[in-house]
Structure formats: C-alpha cells, structure tokens
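Student: Pasting in a structure now, in structure tokens, and then I'll have a few things to ask.
The values are calculated or read from the model by the stated rules, or taken from the named source; none is laboratory data. These numbers were taken from a predicted model, which means no experiment stands behind them. Cβ: placed from backbone, ideal geometry, glycine included. Neighbour counts: every protein chain shown.
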Amino acid sequence: MSVQREKIIIFDTTLRDGEQSPGASMDVHEKVLVAKQLEMLGVDKLEAGFPVSSPGDFDAVQAVAGEVERAIVIGLCRARPEDISIAWNAVKDAKNPGLHTFIATSDIHMKHKLRMTRDEVLVSVQEAVAACRELSPSVEFSAEDATRSDWDFLVDVYAAAISAGADTINIPDTVGYTNPQEFFDLITHLRNKVRGIEGVTMSVHCHNDLGLGTANSLSAVLAGARQIECTINGIGERAGNTSLEEVVMIFNVRKDLYGHLFTTIDASQIFPTSRLVSHITGIPVQPNKAVVGSNAFAHEAGIHQDGYLKERSTYEIMTPEAVGIGTSQLVLGKHSGKHALSKRLESLGYRLSDKDLVKVFNRFKEISDKKKQVFDADIEAIVLEEIYRVPDRYELKHINVTSGTVTVPTATVQLLIDDQIVQEAGFGNGPVDALYKTIIRMTGSRAELKRFSVSSITRGTDAQGEVTVELKEKDAVTVGQGSDPDILVASAKALINAMNRLELIKTRKTTTYPSL
C-alpha cells in the first residue's frame, strides 16, 4: 500500500525576520532582488516585511508585491486596525497577496509588554483575524511566544483565530526556548484540542537561541505541522531562525525517514541564493555552516580524503552540485568572450540583463588581466559587487598607497561624493590604517570601525581578497564588503560600501518591532 505524499509549504521570512539581524537593513532595490531570487528558488510564501515599521519598509513591501509572480507575498501586522490597513495597502496589488497578524499570548508578554488580560487578547485575536479576512484571501495568525504560553489558553486562542477566518495558524518558538520533544507534544496537543484545526494549515516558526531551530521545526512536522517558516542562511533576530537550506536538504537527503514529505524548492538555487543574501545583508556565512558553508564539502583529514577519492558517498551525503555549488575549478580566462561568461553565469544561477552583463563582463576583463585563472567564486564576487549593491553616495575612484619598513604609510584617495570629485592624502600606522583614516576624514563620517576581516575568495597568491568591515555610528550598525585581487582596493571598497549602507540606514525612519 503506497503512502500518500504531502507537501511541506516553505514560508520564507528572510526579507522580514532576516532583515531584523543587526546591520542587515535592505533598501527597496535590494529587497526586490532577493525576492526575485527567492521566487527562482521556489518558496511558496514570501514574507516581504513589516509595512507599518517605516515608510521605507512599506515601499519595499509594495515593490516586492509588484514584482513577484507566483509566491504569496505577505505583509506582517500586529493585531491592530492601523497595522492591518497599512499592511494590506502594501501587498494588495500582488498577484497572490496575504496578511500575517499576530499578538503575544504568554503571561510574561501579556503582563509586561501588552498589559492586557487573556480575555482582552482573545477579543483582539477575533477582531484582527476577521479584519484581515475581509481584505485578504490568505490570512495567517501567530501567537507570539507560543512555546512559553499556557497550552490550554493557546487552544482558545487558535480556536478563536480559526473561527474568525484564519487559514493558517502559526506556532512560533519566539525566543528559541523549546526542545524537539516538548514541541512535538505541544503540536500534538493543539491538533487534538483546537476546534476546526483539521481545516487549516499548521505552521511553525522557530528561533535558534539554543541551536535547535531546525530540529524543533522537523519535530513539529512529524507531529503534523505542514508549513515551516525559515530564512536563507538561518539569519534573523539574535541567534537567527530555522535555516531554509537545512530543512530542504534534510527532506531531500533523508527520504528513508521523510519519503512521504516533499518541498517544491529548486535545491540547485540554494547556493546562489545564499551568496546573494550574504552579500546584500553583509552577514558572512560561517565556514562550517551546514549545506552552504565554505567547508561544507571540504575534506582535509587523510582518511576522509582517501575514502572520498575511492567513493564520494563515503564522506558526502549530498553533492555540491545538488545545492548549486559548481565543481569546475578553472572557468574562464582573459581570452574568454561575453557569450562564454553569460553561459557560466547561467550555470551558477545568475540570469542578468544585457546591461548588467556588460558591467560584469567589463569587470571580469579587468580581473582576468590580473589573474591567470578566474574561478566560479571570482565570477560570483564580481556579480555581487557590480550588480547587487546599495545606491552610492560615495564612490571610490582611485587610491594610491605607499608603505614599507622605512616608509611612513601614506594613502592618496580620490572619491566621488555627491557627484563631486574629492581628493586627499593622509598617514597611518599601516597601509590600511592610512587608507581608512583618509577616507573617513574625506567623508566627515563619525562612524567607528568595529570589525575588519580579510578572507581569500579562491586559492593562490593571485586570489581575490574579500574584506568585511562593520561600522557603528550611534545606534546604527552596518556591514560592508569589498573584493579585489589587490587587498587594499578591497579594503577601500568594503569601507565605502559600509558607509553607503550607513547613509541608507540613517535616512530610514525605523521603529523597533518584535520578531515572532
């Protein structure tokens, strides 16, 4: 007797919860770019933002709604009339719009944050969901901090949401507090007790504060949940969210356990999506990150290498090709043409317009003149830097740095600032210090450099270097990245990128809002 297969709905909240990561603010253009890539990846639902939080976020959600063709575009809103109205206005023009409303249900949240009684919360749930249902064909309700809420009260809350018209109920582990067995028991309790639950989709949204986000999500699925809310690279508030790439590949690899469950995610788009999100948010992926980390398919131990060379499956439970990581080493060189580059870009998951292809090709030629070998990672770095970047107030034109054992480190810098050429020179304790002091003085910035890190994109002495910097000015924190075969040029690019992002953050009037 064959077992009926069931689909797990993938609800991506990279653009909402993921953007709440410190320094990860995205502008309208960047949100649209990520949204298009997420649709290429195959997500079913796309939470585009929290429209009431700022005019900038409203515009970004509205822009995403106008670009996405297939996925349901969702706006988050508190259980308040003004939130619901603003969220709907942001998503209403989407081909498939949706609303996601929430209110806290734990005693600690109701007492200290909401200052509401249980009866008042129940009334708010009914009114908010009913208001959403009048506007939207898709309505999700979340009980914030569900895993620290009274289970019997949750039964009443979710029953009220379903009776008011919610077609999806979400059980969030807002602070990453629960564990797999406890979460399994909670989902089971709700399935057995909530009236009307058989007619709606049960969803879960887990945070990773104790490192159990993915494990808790899978446990909930085994208990009957059929929607997982997650983010690319697991980014999000505090320690982040359930990682999309992890849950998807678990279902793909462990068909012996989850053969009756499937997603419609195109796994070959996982790595390109990961790289894009990392670049735009400025949050690097840790090397040992599951599925998409730089070491995820690396084998160093001699015993492992020997087994791998004899049979890949001895130490690889999935292939890099399965998640879109190319295996070819040398890709192109300085004699390669635009057509060859275009084909290689397509194989890496990047489909560029003719205008953008010209930008990438011109930069590719510059890099290939400096390097004998141009690798996939080099090409990706070019795409991410030339195409997916924030609007520039500051643009690097030229730098010249001198340093040595008997030379005072000196940097001469030429910038384009607000369409005006500015040039200055300065000294420092080292070449990077001289460069940074000069640039910061030229821009008049009061930002403080909190982090500076350098990594090699590929191997060899001619490899492109990738520099990541973190800047802080008052309460604003941002991250910038830059890449170039010349590490000083990469350093300057990273600082300029971070400063442009800082300018963007300073112009956006944001408010503090909770995660689920």
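Student: Just give me the residues in region 214-233 being buried (at least 20 other Cβ atoms within 10 Å of the Cβ), touching a helix residue (DSSP H, G or I) at 6+ places or on another chain (Cβ under 7 Å) and not aliphatic (A, V, I, L, M), in sequence order.
Tutor: Once the filter is applied, which keeps residues that are buried (at least 20 other Cβ atoms within 10 Å of the Cβ), touching a helix residue (DSSP H, G or I) at 6+ places or on another chain (Cβ under 7 Å) and not aliphatic (A, V, I, L, M), region 214-233 yields T214, N216, S217, S219, C230, T231, N233.
Student: Please count how many residues of region 3-22 are polar (S, T, N, Q) and touching a helix residue (DSSP H, G or I) at 6+ places or on another chain (Cβ under 8 Å). Before you say what the answer is, go through the steps one by one.
Tutor: We begin by selecting, within region 3-22, every residue polar (S, T, N, Q); these are 4, 13-14, 20-21.
Those still in the list that are touching a helix residue (DSSP H, G or I) at 6+ places or on another chain (Cβ under 8 Å) too: 14, 21.
The qualifying residues number 2.
Student: Pick from region 132-159 the residues that are buried (at least 22 other Cβ atoms within 10 Å of the Cβ) and without any contact (Cβ under 8 Å) to a residue 40 or more places away in the chain: which of them is nearest to the chain's Cα centre (by Cα)?
Tutor: Step one: list which residues in region 132-159 are buried (at least 22 other Cβ atoms within 10 Å of the Cβ), which gives 132, 136, 139-147, 149, 154, 157-158.
Next cut, without any contact (Cβ under 8 Å) to a residue 40 or more places away in the chain only: 147, 158.
On the way: T147: 24, Y158: 29 Å.
Only one residue tops the list, namely T147.
Student: Further question on the same structure: Can you say whether L257 is surrounded by fewer than 24 Cβ atoms within 10 Å (Cβ to Cβ), assigned to a helix (DSSP H, G or I) and without any contact (Cβ under 8 Å) to a residue 40 or more places away in the chain, as far as the supplied structure shows? Break it down stepwise before answering.
Tutor: Working: surrounded by fewer than 24 Cβ atoms within 10 Å (Cβ to Cβ): yes; assigned to a helix (DSSP H, G or I): yes; without any contact (Cβ under 8 Å) to a residue 40 or more places away in the chain: yes.
Yes, satisfied.
Student: Right, another one. Being assigned to a loop (DSSP other than H, G, I, E, B) and modelled with pLDDT under 70 is the filter here; which residues of region 295-332 pass it?
Tutor: Step one: filter region 295-332 for residues assigned to a loop (DSSP other than H, G, I, E, B), giving 295-301, 311, 315-319, 324-329.
Selection gives H299, E300, A301, G326, T327, S328, Q329.
Student: Ok, one more. Got a sec? Which of S491, S483 is surrounded by 22 or more Cβ atoms within 10 Å (Cβ to Cβ) and in a helix (DSSP H, G or I)? Reasoning before the result, please.
Tutor: Numbers: S483 fails: in a helix (DSSP H, G or I).
Criteria check complete, one pass: S491.
Student: Cβ contacts < 7 Å: first residue assigned to a loop (DSSP other than H, G, I, E, B), restricted to region 447-476; second residue among the acidic types (D, E), any location; separation 6+ or different chain. Result?
Tutor: A447/E473; I457/D378; I457/E466; T458/D378; Q464/D378; Q464/D484
Student: Looking only at region 79-95, count how many residues are outside any helix (DSSP H, G or I) and surrounded by fewer than 19 Cβ atoms within 10 Å (Cβ to Cβ). Give the derivation first.
Tutor: Taking region 79-95 first, the residues outside any helix (DSSP H, G or I) are 79-80, 92-95.
From what is left, the residues that are surrounded by fewer than 19 Cβ atoms within 10 Å (Cβ to Cβ) are 80, 92-93, 95.
Number of matching residues: 4.
Student: Can you confirm whether region 174-185 contains a residue that is assigned by TED's automatic domain parsing to the domain that holds M110 and closer than 20 Å to V125 by Cα? Steps first, answer last, please.
Tutor: Initial filter on region 174-185 (assigned by TED's automatic domain parsing to the domain that holds M110): 174-185.
Checking the rest, the ones that are also closer than 20 Å to V125 by Cα come to 174.
Checked region 174-185: at least one residue is assigned by TED's automatic domain parsing to the domain that holds M110 and closer than 20 Å to V125 by Cα.
Student: Now, a different point. All but one of (1) in contact with a strand residue (DSSP E or B) (Cβ under 6 Å, 6 or more places away or on another chain); (2) in the same structural domain as Y436 (by TED's automatic domain parsing); (3) at pLDDT below 85; (4) more than 24 Å from D378 (Cα to Cα) hold for L516; which doesn't?
Tutor: (2)
Student: Related question: Taking region 1-48 only, how many residues are assigned to a strand (DSSP E or B), crowded, with 23+ Cβ neighbours inside 10 Å and not charged (D, E, K, R)?
Tutor: 4
Student: Just the residues that are among the hydrophobic types (A, V, I, L, M, F, W, C), part of a loop (DSSP other than H, G, I, E, B), under 21 Å from the mean Cα position of the chain (by Cα) and closer than 26 Å to F262 by Cβ, please, taken from region 170-220.
Tutor: Filtering region 170-220 down to residues among the hydrophobic types (A, V, I, L, M, F, W, C) leaves 171, 175, 183-184, 186-187, 190, 194, 197, 200, 202, 204, 206, 210, 212, 215, 218, 220.
Now drop any that are not part of a loop (DSSP other than H, G, I, E, B), which leaves 175, 194, 200, 210, 212.
If we keep only those that are under 21 Å from the mean Cα position of the chain (by Cα) as well, we get 175, 210, 212.
L212, the sole residue that qualifies.
Student: Here is a further query. Tell me which residues, restricted to region 264-281, are buried (at least 22 other Cβ atoms within 10 Å of the Cβ) and part of a loop (DSSP other than H, G, I, E, B).
Tutor: The answer is I265, and nothing else.
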